[in-house]
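Here is the structure we will look at, set down as structure tokens.
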2 protein chains.
Amino acid sequence: MLTPYRMDTNSLYLTEQLNLLGIEVIFKSIVGDNLPRIVAAAQHALFRSDILIFVGGLGPTEDDLTREAVAEALGVKLQRDPEIVRLLEERFASRGWKMTPNNAKQADLIEGATVLPNANGTAPGQWLSGQFDGREHMIVLLPGPPHEMRALFENEVQERLRAKIPPAFLATRTLRVAMLGESLVDARVSPIYKRFSDVETTILAGAGEIELHFRSRATTQEAAQRRVDEVAGSVEDELEDAVYSRNGESLEQIVGYWLQMRNATLAVAESCTGGLLAERVTSISGSSRYFLGGAVVYSNQLKTELAGVPAEMIERHGAVSREVAAALAEGIRYRCESTLGVGITGVAGPSGGTAEKPVGLVFHAVASDAGTEVVQRNFPGDRKRIRRFASTMALDMIRKKLM
Amino acid sequence: MLTPYRMDTNSLYLTEQLNLLGIEVIFKSIVGDNLPRIVAAAQHALFRSDILIFVGGLGPTEDDLTREAVAEALGVKLQRDPEIVRLLEERFASRGWKMTPNNAKQADLIEGATVLPNANGTAPGQWLSGQFDGREHMIVLLPGPPHEMRALFENEVQERLRAKIPPAFLATRTLRVAMLGESLVDARVSPIYKRFSDVETTILAGAGEIELHFRSRATTQEAAQRRVDEVAGSVEDELEDAVYSRNGESLEQIVGYWLQMRNATLAVAESCTGGLLAERVTSISGSSRYFLGGAVVYSNQLKTELAGVPAEMIERHGAVSREVAAALAEGIRYRCESTLGVGITGVAGPSGGTAEKPVGLVFHAVASDAGTEVVQRNFPGDRKRIRRFASTMALDMIRKKLM
């Protein structure tokens, strides 16, 4: 975790889980495989916090030092547990392997610790609670691989923490908003959430999508829920149908819900997004119920061949044009016999832009029984961001067409 | 950064930059907007490290406490710099706004600090070097938004650090490997990299792709480069053509290089990957030179309609079959008049699996003048992972066909 390569996702998961228990995370430390440094970090944490969670460093190699370091910081001994050694040997034997001696260190228990069995790996977790540094502490050691860490937290740690800490009630709500700028959203909703000083509001922005997270703590679950519902409700009233999701569902899921609710089917013809829209729609399990398929038409010839766009229309207006977007949507709808047809054509860049048709210019079309709607946008950013924006715009147009 | 939402990318960037200067990162702390906690973290860091970099908390709000906290930890004063106040006022005036009083705190300089101008935002950075806590330190304050932080680091910090620290030479190499299991790769290459104890090796695994990072430090650039080249060369000899990239290029880029080198074109027909293969191919700028387009054929009718798969073949063998994969590849190649045609059909799950055709079963086909190759695989994992595996397999088959 001290290399430039690995993104820290474990601590985000743990923060979410701890917050749900009413526990606030006030400090995260990332320290290397170095005994005195881990000991110092553990001592500092003991002084600072009531609950300490150590993740990683429980494996069989020389670099795995968390057990030794925590024992030293607490001033207690490590003791090898013969029962864990036996279970480790069994685990190896069941695979037809002989256990190498270095594995036995995974059976070293910090004095006073309870073993937390690890169903997904060799290194068990450990749980301690008691007086350390003159104060009551809870101390947890978890393995580093995310699937092991998560399973152990859910099966072994959650209930132990809940039993020890005063009940606190946390309620959360997430609203998602499409195709409005972050500064515009903030300007419109900040007068609202500022009135709710007891609700914590976080705004996260991606390409074309904004998430508003609300969290409230109170003495009862009902009171906490009421506060997040109040602020979320006021924000919804302000942003109206730009809010596509009230409980954290993705735009892809919401589009799927609407298509199924309307008993409608979808087909798409994409140029600059190169399959991204189809990929996002089909990322949802069960999307075959409403998504028929589509065409990725990079060459002009294929725009004609697969989506039926007249060659002379491309000649006259250019491949990136309002007319071709509409023809893509109508052509793929006709071809696939779908309820809705979508066409996207634009300049994703970084090359290929002109003064008249700059990088970021995209035309989006949705064809239905009621006719064809075309929307033109100029998106900022690099190729990846422009393609993401364009596919989000198309998903949002589908959603609004079905509402 | 103490919420469950935000991924820490700033520290990865800084780690990479510092490593390139020969500076090792030994500790990262994430602390909330709380004055005593930031002061304690700063004091602890002073005791532990020679170089301290603080990121974030330099803005105009009450929560922005880094300046105050660092000054307190160092035992020095903050002084408001009239020149920075003037520049802030100018910046606001140039946008036609009046500066609100809270902005002035961004002009508070830690005694002895040099201002690091921020071209991309209001909050300037600060640089201090000197004796603190009885020892020579370098202390840097940078703004939190990634584009501001990066520009400031590159323009203002890099050279100042380089001038102060003894020269160290670091060389890196990255090899990428497709479609071999992580444990298999590690078993084959660990005897090699263990012989190079002076080279740091990191192995990262994704769905179907493995990265091997090698880093070496030496007293000259040549010596460092020689060592990473030696270990990378030996690993390449061991893994042969499974290594698709010798300098960190992505599989999508490499496939693009080969297609251009062979003057070849590509068309794809995807079922279970739903456009992901096309999306990955077209994520590369300039891919229109070799990618013609393709079909996303979720429904059986479209497999026939767009990719020319005979309906009776689907009836007889099922949509997920060796025969249909080959027919998709051949059909789309014929339809698009491309050099290579690719077909993918499988069960991405989580639903739709049967005893005979379980979730994870995928057929991949590449059609060319020389005939059609079909590869069957059973991938583990969830829908997202299976789709990623299948698209990587197809990209790797294209690469090998062109080698």
Kindly indicate the residue of segment B:303-315 that is of a type outside the set (Gly, Ala, Ser) and not in a helix (DSSP H, G or I) and also farthest from the other protein chains (Cβ to nearest Cβ) among those meeting that condition.
B:Pro310
Helices (runs of 4 or more DSSP H) contained entirely in segment B:175-273, each with at least 3 residues that are under 28 Å from B:Thr339 (Cβ atoms):
B:251-261
Please work out if A:Gln221 is outside the structural domain of A:Asp382 (by TED's automatic domain parsing), surrounded by 15 or more Cβ atoms within 10 Å (Cβ to Cβ), more than 30 Å from A:Arg383 (Cα to Cα) and polar (S, T, N, Q).
no
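Conditions tested, residue by residue: (1) at pLDDT below 90; (2) under 25 Å from the mean Cα position of the chain (by Cα).
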position: B:His137; (1), (2): no, no
position: B:Arg160; (1), (2): no, no
position: B:Pro167; (1), (2): yes, no
position: B:Leu175; (1), (2): no, yes
position: B:Ala178; (1), (2): no, yes
position: B:Arg195; (1), (2): no, no
position: B:Leu204; (1), (2): yes, yes
position: B:Ser216; (1), (2): no, yes
Across segment B:1-28, what is the total count of residues that are in contact with an Asp or Glu (Cβ under 9 Å, 6 or more places away or on another chain) and charged (D, E, K, R)?
2
Taking the conditions exactly as written (of a type in the set (S, T, N, Q), in the same structural domain as B:His147 (by TED's automatic domain parsing), without any contact (Cβ under 8 Å) to a residue 40 or more places away in the chain and over 17 Å from B:Leu142 (Cα atoms)), does B:Asn34 satisfy them or not?
yes
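This table checks each residue for (1) surrounded by fewer than 17 Cβ atoms within 10 Å (Cβ to Cβ); (2) under 27 Å from A:Tyr257 (Cβ atoms); (3) in contact with a strand residue (DSSP E or B) (Cβ under 8 Å, 6 or more places away or on another chain); (4) not assigned by TED's automatic domain parsing to the domain that holds A:Val268.
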{"site": "A:Ala370", "(1), (2), (3), (4)": "yes, yes, no, no"}
{"site": "A:Arg385", "(1), (2), (3), (4)": "no, yes, no, no"}
{"site": "A:Ser391", "(1), (2), (3), (4)": "no, yes, yes, no"}
{"site": "A:Leu395", "(1), (2), (3), (4)": "no, yes, yes, no"}
{"site": "A:Ile398", "(1), (2), (3), (4)": "no, yes, yes, no"}
Name the single residue that is nearest to A:Gly206 (Cα to Cα) among those in segment B:5-19 being within 7 Å of chain A (Cβ to nearest Cβ) and assigned to a helix (DSSP H, G or I).
B:Leu12
Among the residues listed as A:Gly308, A:Gly331, the single one being among the small types (Gly, Ala, Ser) and surrounded by fewer than 21 Cβ atoms within 10 Å (Cβ to Cβ)
A:Gly308
Anything in segment A:44-64 that is without any contact (Cβ under 8 Å) to a residue 60 or more places away in the chain and in a helix (DSSP H, G or I)? List them, or say none.
A:His44, A:Ala45, A:Arg48
Can you tell me how many residues in segment B:129-167 are surrounded by 18 or more Cβ atoms within 10 Å (Cβ to Cβ), touching a helix residue (DSSP H, G or I) at 6+ places or on another chain (Cβ under 9 Å) and in a helix (DSSP H, G or I)?
4
Here's a check for you: in segment A:20-38, which residue that is facing chain B (nearest Cβ under 8 Å) and over 21 Å from the mean Cα position of the chain (by Cα) is nearest to A:Thr219 (Cα to Cα)?
A:Ile26
Considering only residues that are surrounded by fewer than 19 Cβ atoms within 10 Å (Cβ to Cβ) and more than 35 Å from the chain's Cα centre (by Cα), which ones fall in segment A:62-83?
A:Gly75, A:Val76, A:Lys77, A:Leu78, A:Gln79, A:Arg80, A:Asp81, A:Pro82, A:Glu83
Which one of the conditions (1) within 14 Å of another protein chain (Cβ to nearest Cβ); (2) under 25 Å from A:Leu52 (Cα atoms); (3) without any contact (Cβ under 8 Å) to a residue 12 or more places away in the chain; (4) hydrophobic (A, V, I, L, M, F, W, C) does A:Leu204 fail to meet, given that it meets all the rest?
(2)
Confirm whether A:Leu170 is surrounded by 13 or more Cβ atoms within 10 Å (Cβ to Cβ), of a type in the set (A, V, I, L, M) and touching a Ser or Thr at 6+ places or on another chain (Cβ under 8 Å).
yes
Condition check: charged (D, E, K, R), under 17 Å from B:Ala278 (Cα atoms), at pLDDT 95 or above and surrounded by fewer than 20 Cβ atoms within 10 Å (Cβ to Cβ). Does B:Glu337 satisfy that?
yes
Would you call B:Thr345 in the same structural domain as B:Glu270 (by TED's automatic domain parsing), outside any loop (DSSP other than H, G, I, E, B) and of a type in the set (S, T, N, Q)?
yes
Determine, yes or no, whether B:Ala41 is within 12 Å of another protein chain (Cβ to nearest Cβ), closer than 27 Å to A:Ile23 by Cα and assigned to a helix (DSSP H, G or I).
yes
When (1) touching a residue at least 40 places away in the same chain (Cβ under 8 Å); (2) touching a Lys or Arg at 6+ places or on another chain (Cβ under 8 Å) are applied to B:Ala326, the one that fails is (2)
Quick one: in segment A:281-302, of everything that is free of Cβ contacts under 8 Å to residues at least 24 places away in the same chain and within 19 Å of A:Ala264 (Cα to Cα), which residue is nearest to the other protein chains (Cβ to nearest Cβ)?
A:Thr282
Can you spot a residue in segment A:349-361 that is surrounded by 18 or more Cβ atoms within 10 Å (Cβ to Cβ), at pLDDT below 95 and within 12 Å of another protein chain (Cβ to nearest Cβ)?
yes
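The values are calculated or read from the model by the stated rules, or taken from the named source; none is laboratory data. Since the model is a prediction, treat every value here as computed from it, not as a measurement. Virtual Cβ from ideal backbone geometry, glycine too; neighbours counted across all protein chains shown.
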